[in-house]
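I have placed the structure first, in the form of structure tokens, so that the comments after it can refer back to it.
The values are calculated or read from the model by the stated rules, or taken from the named source; none is laboratory data. This structure is a prediction, so every number in the text was calculated from the model and none was measured. Cβ sites come from the backbone with ideal geometry, for glycine too, and all protein chains shown count toward neighbours. All accessible areas refer to the heavy atoms of the entire protein, side chains included, with ligands and DNA or RNA removed. Shrake-Rupley method; radii C 1.70, N 1.55, O 1.52, S 1.80 Å.
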Amino acid sequence: MAFTLYATQASAQLSSNKDKFLGNITTTWSSDMDFEGFIFSNYWNQVTPENATKWESVEGTRGSYNWWGSDKAANYAAQKGFPFKFHTLVWGSQFPGWLRDISAEERYQAIVNWMDAVKAHYPNLAIIDVVNEAVEGHQGETYLMIEALGGKGVTGYDWIIRAFEMAAERWPDAILVYNDFNSLQHNVPQFVDLVRTLRDAGAPIDAYGCQAHELYGCSKATLKASMTSTQNALKMPMYITEYDIGTQSDSEQLKYYKEHIPTMWEADYCAGVTLWGWFYGHTWTNDGAGYSGLIRDGKERSALTWLRQYMQTAAAKNAKSPFPGMVKEASVYVKPSALRVTQNTPVSIEVKARLRTKTISRIDLYAGTTLLQSFTQQPYTCSFTPDASGRYELKAVVTATDGSTYERLSGVTVSDEFIPQPGVTAAVGKRYTSVAEIDTRTFAIVNEQEGKAIYGPNLQNLGYDDFSTVFTNEVAGYYFRLESLKNDADPDVRNYYRLRLIDPLGNEYNIWGKPGYLNSQPVETGWCSFILGLTAGNGEDMKNGAVWDVQYVEGKGFTLRNIGTGLYLHDALPAKYEEPAYFTFCSLKAATTGVKRVSGVGKDTTATSEDAVYNLQGLKVGNAAHLDLLPRGIYLVGGRKMAVE
């Protein structure tokens, strides 16, 4: 039997393309390469351990490392001369159980120790899935990694950026990949937003990995459109990292292979395709039944027979790759000081560039089509000041002494509205005085009398805190936009609104893939109001809990009456008050700079007694006639900072 199996297999790897690989994974928890008489290297020229390089498998006991399974794959790849991919460093699943029992600080040190141990054991990794499945909602315990790596931060993905920086410090020549599922269907916008944010922030990410588990039932046209739109948005190398089609039908599996594989393989931005298992009954699909396997009962299925034939075509042999020779020559990253700024705000830009075997001759940095600066020596830094709102594409073009070029993109979004920045204090900008005026605008909700603002600090909980602590670059989700319900099928809500939550970068805020709304729970629960996705009836836990009667009262401000409770919102508790609170709906601006020292009106200032006086949070505290009555401190009068002594 063993002889027969050997006799039926191919005598060479399926792919002869020298620039991109056709890979597969180890088989079973024993990390077998050759299996049931079939020789791995006669089919595939890249390997990813299915489980053996996951943290849980290596360091299940703290401080004790088991490399047995991963070494089998790594040594095999080294002997055969093809790439070994490490899968994965940071993931909210299959991590050691003891991580749950330690503090965030200890968890960070554990991640450092883990990466150091991997570096010591595999100092020259070629490809690494640095972070796996971090799209919101994909893994329930991702928060453990978020906490350990410093939190979401101003980009929303600061913790992922940190993970890539740590990996780049240890493996500067490795191709560093972000990997996720539902990235070709279902969660494409979230995937693109995450990867583009990493790229724009200057993270050392070299490629994005689309697992491609979700392509059963996906047509060639749909796949190609999805791949193209993602590539147009990211303009980075792509890997197909975990492709499989789980079905008992040979003809059905063949159909999808014939539609999908050429679409992936022939894309010149695709650096390689890895299949996720090759033996029927020994893959994760179909609840472990393994219908995606390509060899069943000792024989090749139709899809595998076709795959061998396709790989011998000129189209497959000559398909281009963004990594010639399957290695990374250039590490180029463009890092702006902020991803979103107010117009006329200077932005500093740093280009980090390194060539593995060549020498840099020149780096040209562009904003759109405008050349900002050409560099011939380090540091590769400059500054530009965008004077109009919109998105500015940043591009670094690295030219080597042999004339070859390498490009990297980033981007900055410029707004005419206030954007939170480190060290910049927000102040109330334009105060809106009608619902019509804010119909399409993004606005903050401030109670000027109490000096507090309504906002969404994180995930679900609604916040109501001091104005000075709310509008910072570290708080997510504190602006709102009205959504009119005038076309709703329910006549009882047609005159009302939902309030959509907007994050600090101006994007619609989503929680676990669901849209965020200002939502009241029932009065009797005592719970805070929430910001979360809607269920049936325009609410969560209560019909019309996310529906609001928004009114402006002349000289007082806006009121928010919840249609679900019939009562008014005052704070972060449910809408449960009989009498309204009055809120300012407003834009924001940076507090004015420049301090003028005074001890009263008319002594060292040109302010008149009628001029309004604001504190540094932009809240009105009186007029200039009463400066002497205010506590010592710095105030804004007539557009200047003034210190009352």
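Summary table below
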{"read-out": "Tabulated pairs, region 478-496, first open to solvent by less than 60 Å² (accessible area, probe 1.4 Å), second in a helix (DSSP H, G or I), C-beta under 7 angstrom, 6+ apart or interchain", "value": "TYR478/VAL470; LEU482/ILE438; LEU485/VAL493"}
{"read-out": "Complete set of residues in region 70-106 that are free of Cβ contacts under 8 Å to residues at least 24 places away in the same chain, open to solvent by 30 Å² or more (accessible area, probe 1.4 Å) and not in a helix (DSSP H, G or I)", "value": "GLY81, SER103"}
{"read-out": "Selection count where residues are touching a residue at least 60 places away in the same chain (Cβ under 8 Å), hydrophobic (A, V, I, L, M, F, W, C) and farther than 12 Å from ILE25 by Cβ, scope region 276-303", "value": "1"}
{"read-out": "Qualifying positions in region 279-309 - charged (D, E, K, R) and either more than 37 Å from the chain's Cα centre (by Cα) or not in a loop (DSSP other than H, G, I, E, B) (or both)", "value": "ARG296, ASP297, LYS299, GLU300, ARG301, ARG308"}
{"read-out": "Residue match in region 573-580 (condition: touching a helix residue (DSSP H, G or I) at 6+ places or on another chain (Cβ under 8 Å), farther than 13 Å from ILE445 by Cβ and either hydrophobic (A, V, I, L, M, F, W, C) or open to solvent by 10 Å² or more (accessible area, probe 1.4 Å) (or both))", "value": "yes"}
{"read-out": "Long-range neighbours under 9 Å by Cβ, at least six apart or interchain, first residue over 20 Å from TYR269 (Cβ atoms) and open to solvent by 50 Å² or more (accessible area, probe 1.4 Å) within region 389-414, second among the acidic types (Asp, Glu) and not in a strand (DSSP E or B)", "value": "SER389/ASP416; SER389/GLU417"}
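Conditions tested, residue by residue: (1) within 19 Å of PRO322 (Cβ to Cβ); (2) modelled with pLDDT of 95 or more; (3) part of a loop (DSSP other than H, G, I, E, B).
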{"site": "LEU198", "(1), (2), (3)": "yes, yes, no"}
{"site": "THR222", "(1), (2), (3)": "no, yes, no"}
{"site": "MET236", "(1), (2), (3)": "yes, yes, yes"}
{"site": "GLU259", "(1), (2), (3)": "no, yes, no"}
{"site": "MET264", "(1), (2), (3)": "yes, yes, no"}
